[in-house]
1. Sorted by average packing, counted as other Cβ atoms within 10 angstrom per residue and highest first, what order do 234-241, 247-254, 382-389 take?
2. How charged is the neighbourhood of Ile431? Take every other residue with its Cβ under 13 Å from the Cβ of Ile431, and add Lys/Arg as +1 and Asp/Glu as -1.
3. Could you order the peptides 185-196, 164-175, 416-427 from most to least packed, using the average number of other C-beta atoms within 10 Å per residue?
4. Working out 0.36 nm times the residue gap between Gln239 and Asn168, then minus their Cα-Cα distance, what length gain in nm do you get to one decimal?
5. In percent, how large is the relative contact order of the range 112-239, given Cα pairs closer than 8 Å and 6 or more residues apart?
6. Where Lys and Arg each count +1 and Asp and Glu each count -1, what net charge lies around Pro244 among other residues with Cβ under 9 Å from its Cβ?
7. Applying a 10 Å radius around every beta-carbon, put 303-316, 258-271 in order of their mean neighbour count, most first.
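Readers should treat all values here as calculations from the given coordinates under stated rules, not as data from a laboratory. These numbers were taken from a predicted model, which means no experiment stands behind them. Please note: Cβ atoms are built from the backbone with ideal geometry, for glycine as well, and neighbour counts cover all protein chains shown.
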Amino acid sequence: MHWIKITEKNFSGGYKSFLYMIVASVLLVSCQNSSTSALEEEQLVQEQVSQLELEAALEEMYEMMDPTGSIPRPGEAVDLSKFKVEKDLGVMAKISTTGYQVDSLGSLGGQYPYGIGRGINNSGEATGYSYTSNNYHAFYYDGNSMTDLGTLNNNVYNSYSYGIDINNHGQIAGYSYASGSYQQAFFWDPQNGMIALGVLPGQRYSYATGINDNGQVVGHSSGSGSARGFIWDEENGMQEIGVPQGARYFYPEAINNHGVVVGRAYFNNIGTKAFTWSEADGFTDLGSLNQTLTSSYYYIYPRDINDSGQIIGDANNLSGHSNGAFFWDPTTGFHSLDTDNDNNTWYYAMALNNNGQVTGYHYDYSNNNYYYYNYSAFIWDASGDFIDLGHYSENTNNSYYYSYSIGYDINDNGAVVGYSYNNNGYNIPVIWEGGTSNEAPVADAGADQSVTATGATTSVTLDGSGSSDADGDALSYSWTLDGSVVSTDAS
């Protein structure tokens with residue numbers, strides 16, 4: 001087998017490299033939850049357990065809305081020390097943001113225009129949540145305006161729902177208040193509306209985190225001192241994924257169109273590790289990803305997987321990288337997304353598309369003042385190109401505490417949804433689009449050849465001139481042997 005790496009240079013001067021290979025991977029997630037039980041006075045114990053379950057449910061909601069934990073929880077003091085880290089940040093090229101336009105997705109008409117865009121498909125349809133007259137409701141965005149999806153219990157005042165992901169058929173997965181102060185995952189489509197997915201046996205809550213084009217929904221169910229993964233479809237209903245052997249909890253985060261789930265599992269005295277799961281293979285420990293973690297106790301948070309098995313997320317105690325976002329390929333391994341070398345910037349990867357482009361956010365805390373951190377959405381790809389998407393409006397005069405923009409999802413056309421602060425300091429759901437679209441080049445190195453050595457040297461001709469790029473960008477070639485470049489010619 002031989003490999004050809006083709007790099008295209010587009011007209012904006014950026015380089016995009018694509019390494020073509022045959023890959024197979026699967027990933028999964030776990031999470032952390034806790035509950036205790038003791039038996040003295042039954043009523044007191046039940047109250048304590050109920051309180052713990054409520055606190056766990058609230059923390060899960062906080063994690064879904066603010067997965068990095070960067071915004072303090074109610075009553076929580078701000079510990080600036082946790083933002084002071086050291087990391088080896090690598091070298092990558094920064095590209096102008098010219099060509100990207102950021103626009104508001106609108107709102108559901110609440111007094112305040114708060115909202116967040118969470119998912120986008122290749123048609124530009126999006127989902128997320130927006131404030132109504134009394135709480136957040138999930139929305140469907142058709143490219144022009146929002147539709148309120150309601151909740152699983154519209155009869156209760158202050159009921160809420162959150163749209164988390166959308167597939168290319170316009171089907172949406174999320175979670176909503178159901179009844180009895182419990183949340184349930186939901187599936188929504190235009191024909192049937194919002195459908196409750198239920199909970200796993202012995203659990204009280206469920207949360208959906210991803211949906212693929214086959215209508216398969218993944219998430220986790222919790223509420224009895226544990227968190228277990230599930231997969232759901234219309235034919236089979238909710239099926240338990242369970243947890244990897246030896247793990248306490250498992251949180252699925254995303255599912256690709258091959259039915260491969262990625263998530264994190266929590267192990268006592270170890271931390272969280274990345275796993276994939278599929279119906280055919282069960283759980284797979286992503287050893288080469290987990291082996292980049294050097295501490296005896298570590299944290300890794302895979303957030304998305306594409307159809308090539310590439311994975312993105314965040315981690316600490318990485319080999320050579322204290323904290324930050326990562327891009328992982330089943331063949332080429334770990335790559336850091338960090339682009340600066342000033343030890344003052346953190347990166348978080350939230351999603352990637354099938355072209356290997358990643359979105360998320362980064363922020364600079366060099367001024368040592370939490371309240372003026374400048375979060376900014378970005379796009380990154382495996383060749384090292386980095387695009388700062390900027391903000392809906394710039395907080396140039398520090399008229400409000402935060403100046404945020406966060407990219408939560410990216411489609412295969414490079415459009416990003418997320419949220420950004422407006423001129424009044426409200427976070428609103430936004431979309432970035434209009435940047436230069438780019439398709440991956442097609443690598444064609446000819447048919448595989450069987451070579452038999454007939455002497456001290458034996459020649460073989462490999463021809464990559466059949467390679468092409470749909471965008472018409474100029475191609476460069478890189479032939480490697482045992483990891484070393486041996487030629488940069490077409491053949």
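1. Details: 234-241: 13.8, 247-254: 25.9, 382-389: 20.8.
Taking the mean over residues of other Cβ atoms within 10 Å, the ranking is 247-254, 382-389, 234-241.
2. Values: positive: Arg118; negative: Asp103, Glu125, Asp142, Asp409, Glu433.
That sum, taken over residues with Cβ under 13 Å, equals -4.
3. Values: 185-196: 17.2, 164-175: 24.1, 416-427: 21.3.
Result, highest mean Cβ count within 10 Å first: 164-175, 416-427, 185-196.
4. On the way: separation 71, 0.36 × 71 = 25.56 nm, distance 2.30 nm.
Length gained, Gln239 through Asn168: 23.3 nm.
5. Working: 332 pairs, mean separation 20.2, N = 128.
Reported as a whole number, the value is 16 percent.
6. Values: positive: Lys273; negative: Asp285.
Once all neighbours under 9 Å are counted, the net charge is 0.
7. On the way: 303-316: 24.5, 258-271: 21.8.
So the peptides 303-316, 258-271, ranked by packing, come out 303-316, 258-271.
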